[in-house]
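Peer 1: Could you have a look at this structure, given as structure tokens, before my questions?
The values are calculated or read from the model by the stated rules, or taken from the named source; none is laboratory data. All figures in this text were calculated on a predicted structure; none of them were measured in a lab. Here Cβ is always computed from backbone atoms with ideal geometry, including for glycine, and neighbour counts include all displayed protein chains.
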Amino acid sequence: MKKIKFPSAQTVLLLIAAFVALLTWCIPSGQFDRLAYNKEDNTFIKTSKEKTITLEATQKTLDGLQIKIPLEKFTSGAIYKPISIPKTYQKLASKPQGFKEFILAPLKGIIAVADIIILVLFIGGLVAIVNYTGAFEAGITRLSKLLEGKEYILIIAVTSLIALGGTTFGLAEETIAFYPILVPIFIAAKYDAIVALACIYVGSSIGTMISTTNPFSTIIASNSAGINWTTGIYGRVTMLVIGLTICIIYIIRYAQRIKKDPTKSIIFDQKEKIEKIFSFHKSLETINFTTRLKLVLIIFITCFIVMVYGVISLDWWFLEMTGVFFVGALLIGFLCRINETVFVDTFIKGASELLSVAFIIGLARGVTILMEDGLISDTLLFYASSFTDGMNKGFFINSIMFVYSGLAFFIPSSSGMAVLTMPIMSPLADTVSLGREHVVNAYLLGIGLFNFINPTGLVLASLAMIKVGYDKWLKFVIPLVIILAVVSMIFLTISVYI
């Protein structure tokens, strides 16, 4: 009997898109009114089903709309997206998404995330140029000798550093750039590609799941809840340390097991294929780590340092990040005197190898567009907010966490989730005599837990980078997700009773 093969990431996303399109025929359309601050003339713009009106930007206006958020959160720019207005949900005329919308959604998604796609393609081009010089091979040879017998240090360092980026400034999409660099290093250390994936993706996920200063989740969610973002930070720091420790131990246990017996690898049947993809052109023993190759790696690493600095301090986004990698590729080309024709061919070939990743990112965005156009996201939020009525504190806060896990499938953006849901969900804490920071924590943990496996998030694009199937990833990560879910429930329950 022929073994059934798990579908590709692209097929999985198309199936999900078809399912979401079907949901728009079953779930009633509806929407909350929206409120946006217009800094040009210091007014609020209220948008509803019937009309759009302009209101005075005063605290009295906010109080009248039952929005318990200080005015300065809007005027300072802390809340820069339209928020949902509590108790304004209205059913709308149904907008079911048919065959035409289903076909166009992936194309709209690709257009919507064109900036991310360009970044991915240029990363592929830069990596191909560095590969052409032989700098990766030489650097990995040196690193392998330095870490011989202590390869676990690599796991601890990579996971911790990426988690630090996730918890402080929301390092997520940018991690796509790290796979071509780190997978060969982990393979050279006698690990499999799953270990490299885990260090990068789990590191980013645990960091963003327990954000401390991340402006795209903790800060915007706290602002949208009407509280200071530092409220509850000590509990989040404690949970971050616990969660990161659990993740590192989990990865190391798997890594040590497959190092002793490679047949224990979840992707053992793909071992040769993956190692061939990430193999080197020359024997590692014969490569000299010359001054020129060291400079190539310095330029390459500097690109990431500049990218991180720009995102944190200069308000850069995908276009500027792409520019950094483009400049890096040109500098390396000049340094190594690569022929112009060879440079262009190599760059384009490297970019083309990441086209599948680019399409996955676009397809995932297309799923979200189907939900937005079908007007079902607010309906799900309305019923989810009604679900917690009459619960005690412990059940309430844990229910909120699982509600957010469910909503994360439909709204994978953390900032989008915050501004749409927090004005609706955070006042529910008042009804059970809880501080609103507990709802913020439940939001973080809920969407963070689901993010480990969310097919409409970044996971499928990450898996495509290393040619590993979604089913293999689920087999690896589900036990970790269960452990983190139990720990999160314990943390939330204790926090509401102390």
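Peer 1: Quick one: residue 283 ticks every box in (1) over 30 Å from the mean Cα position of the chain (by Cα); (2) at pLDDT 80 or above except a single one, so which number is it?
Peer 2: Against the list (1) over 30 Å from the mean Cα position of the chain (by Cα); (2) at pLDDT 80 or above, residue 283 comes up short only on (2).
Peer 1: Within region 1-31, work out how many residues are at pLDDT 90 or above, farther than 17 Å from residue 105 by Cβ and hydrophobic (A, V, I, L, M, F, W, C).
Peer 2: 1
Peer 1: Can you tell me which of 58, 11, 47, 43 is loosely packed, with under 14 Cβ neighbours inside 10 Å, farther than 22 Å from residue 384 by Cα, not assigned by TED's automatic domain parsing to the domain that holds residue 436 and not basic (Lys, Arg)?
Peer 2: Residue meeting the stated conditions: 58.
Peer 1: So the check is Cβ under 8 Å with 6+ separation or different chains; which pairs have a first residue in region 73-86 that's charged (D, E, K, R) and a second one that's surrounded by fewer than 20 Cβ atoms within 10 Å (Cβ to Cβ)?
Peer 2: 73/226; 81/36; 81/415; 81/416
Peer 1: For a quick check of your reading of the model, give me the residue pairs whose first member lies in region 445-471 and is in the same structural domain as residue 233 (by TED's automatic domain parsing) and under 19 Å from residue 362 (Cβ atoms), whose second is assigned to a loop (DSSP other than H, G, I, E, B) and among the aliphatic types (A, V, I, L, M), with beta-carbon atoms closer than 7 Å and at least 6 apart or on different chains.
Peer 2: These pairs meet every condition: 458/172; 459/453.
Peer 1: Moving on to the next point. All but one of (1) outside the structural domain of residue 218 (by TED's automatic domain parsing); (2) modelled with pLDDT under 85 hold for residue 116, so report the exception by its number.
Peer 2: The single condition residue 116 does not satisfy is (1).
Peer 1: Counting only residues that are assigned to a helix (DSSP H, G or I) and either buried (at least 16 other Cβ atoms within 10 Å of the Cβ) or at pLDDT below 80 (or both), how many does region 310-319 have?
Peer 2: Here the count works out to 5.
Peer 1: Tell me which helices (runs of 4 or more DSSP H) are completely within region 383-498 and hold 2 or more residues being at pLDDT 90 or above and touching a Phe, Trp or Tyr at 6+ places or on another chain (Cβ under 6 Å), or say none if there are none.
Peer 2: 393-410, 436-451, 470-497
Peer 1: Would you point out which residue out of 46, 81, 100 is part of a helix (DSSP H, G or I) and either of a type in the set (Lys, Arg) or in contact with a helix residue (DSSP H, G or I) (Cβ under 6 Å, 6 or more places away or on another chain) (or both)?
Peer 2: 100 is the lone residue from the list that is part of a helix (DSSP H, G or I) and either of a type in the set (Lys, Arg) or in contact with a helix residue (DSSP H, G or I) (Cβ under 6 Å, 6 or more places away or on another chain) (or both).
Peer 1: Could we say that residue 346 is assigned to a helix (DSSP H, G or I), in the same structural domain as residue 426 (by TED's automatic domain parsing), surrounded by 14 or more Cβ atoms within 10 Å (Cβ to Cβ) and among the hydroxyl-bearing types (Ser, Thr, Tyr) here?
Peer 2: Against the criterion (assigned to a helix (DSSP H, G or I), in the same structural domain as residue 426 (by TED's automatic domain parsing), surrounded by 14 or more Cβ atoms within 10 Å (Cβ to Cβ) and among the hydroxyl-bearing types (Ser, Thr, Tyr)), residue 346 qualifies.
Peer 1: Among the residues in region 160-168, are any farther than 22 Å from residue 315 by Cα and not β-branched (Val, Ile, Thr)?
Peer 2: So far as region 160-168 goes, yes, one or more of its residues are farther than 22 Å from residue 315 by Cα and not β-branched (Val, Ile, Thr).
Peer 1: Moving on to the next point. Out of the helices (runs of 4 or more DSSP H) lying entirely within region 172-277, which hold 3 or more residues that are small (Gly, Ala, Ser) and either touching a residue at least 12 places away in the same chain (Cβ under 8 Å) or buried (at least 24 other Cβ atoms within 10 Å of the Cβ) (or both)?
Peer 2: Answer list for region 172-277: 203-209, 220-225, 233-260.
Peer 1: Failed condition for residue 100, given (1) modelled with pLDDT under 90; (2) surrounded by fewer than 19 Cβ atoms within 10 Å (Cβ to Cβ), with all others met?
Peer 2: (1)
Peer 1: Still on this model: Among 36, 17, 21, which is in contact (Cβ under 8 Å) with a residue 12 or more places away in the chain, in a strand (DSSP E or B) and aliphatic (A, V, I, L, M)?
Peer 2: Details: 17 fails: in a strand (DSSP E or B); 21 fails: in a strand (DSSP E or B).
The unique qualifying residue is 36.
Peer 1: If you don't mind, there's one more thing I want to ask. Kindly indicate whether residue 125 is out of contact with any Leu (no Cβ under 8 Å at 6 or more places or on another chain) and within 23 Å of residue 307 (Cα to Cα). Don't jump to the end; show me each part of the working.
Peer 2: Values: out of contact with any Leu (no Cβ under 8 Å at 6 or more places or on another chain): yes; within 23 Å of residue 307 (Cα to Cα): yes.
Yes: the conditions hold for residue 125.
Peer 1: If you check residue 447 against the conditions, is it within 11 Å of the chain's Cα centre (by Cα) and under 19 Å from residue 384 (Cα atoms)? So that I can check it myself, show each step before the final result.
Peer 2: Details: within 11 Å of the chain's Cα centre (by Cα): yes; under 19 Å from residue 384 (Cα atoms): yes.
Criteria met by residue 447.
Peer 1: Does residue 330 qualify as being in the same structural domain as residue 456 (by TED's automatic domain parsing) and free of Cβ contacts under 8 Å to residues at least 24 places away in the same chain?
Peer 2: The answer is yes for residue 330.
Peer 1: Among the numbered conditions (1) modelled with pLDDT under 85; (2) of a type outside the set (Ser, Thr, Tyr); (3) over 25 Å from the mean Cα position of the chain (by Cα), tell me where residue 259 comes up short.
Peer 2: Among (1) modelled with pLDDT under 85; (2) of a type outside the set (Ser, Thr, Tyr); (3) over 25 Å from the mean Cα position of the chain (by Cα), residue 259 violates only (1).
Peer 1: Only one of (1) over 23 Å from residue 274 (Cα atoms); (2) within 27 Å of the chain's Cα centre (by Cα) fails for residue 181. Which number is that?
Peer 2: That leaves (1) as the condition not met.
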